[in-house]
Structure formats: structure tokens, C-alpha cells
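**Q** Sharing a structure here in C-alpha cells format.
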């Protein structure tokens, strides 16, 4: 069973997340030859003040 983890900043709508889940599930089914019911997608929204790149918080960019 593929489990896919997506980490992103907050701000996407439920419709966008739904469309992402639908399209990624299709891609997993096609490339991994697995049933759609076995594809799990975990979406974690991480605030910019909890995400750093190059030693600098994204909220300070």
C-alpha cells in the first residue's frame, strides 16, 4: 500500500486538495500497478514560522 506524504504551507482550498488527491491517486495506480483503495495520502500543513530554509524561517522571507 503506497502512503504518500505531502507537506505544504496552509492556504490551499479543500477543492485543490481534493483535486491533488484524485490526480496523485491516478498516477500511483498507473505507475505502481496498485488499486486506488490502497493509495493513502497524508496532507500536512506547516505554518511558515515552523519551516526554515537555509537557516531562515519562511515567515521572515
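Since every read-out is calculated from the coordinates, none of them should be taken as a lab result. What you see is a predicted model, and the numbers here were worked out from it, not measured in a lab. Reconstructed Cβ throughout: ideal geometry from the backbone, glycine too, with neighbour counts over all protein chains shown.
**Q** Would you mind ranking 45, 60 by Cβ crowding within 10 Å, fewest neighbours first?
**A** Exposure proxy ranking, most exposed first: 60, 45.
**Q** Moving on to the next point. So how tilted is helix 14-32 from the main axis of the chain? Cα-based, degrees 0 to 90, rounded to 10.
**A** Computed tilt is about 50 degrees.
**Q** Oh, and also: Take every Cα-Cα pair in the chain and report what % of them are more than 18 Å apart.
**A** Summing the P(r) tail past 18 Å for the chain gives 46 percent.
**Q** Relative contact order of the chain, please, whole-number percent, based on alpha carbon pairs below 8 angstrom and at least 6 residues apart.
**A** Values: 62 pairs, mean separation 26.5, N = 61.
Value for the chain: 43 percent.
**Q** Next up: So what is the 222 nm mean residue ellipticity for the chain from helices alone, if each DSSP H run of at least 4 adds -39500 (n - 2.57) and you divide by all residues, rounding to the nearest 500 deg cm²/dmol?
**A** Using -39500 (n - 2.57) per qualifying helix, the result is -10500 deg cm²/dmol.
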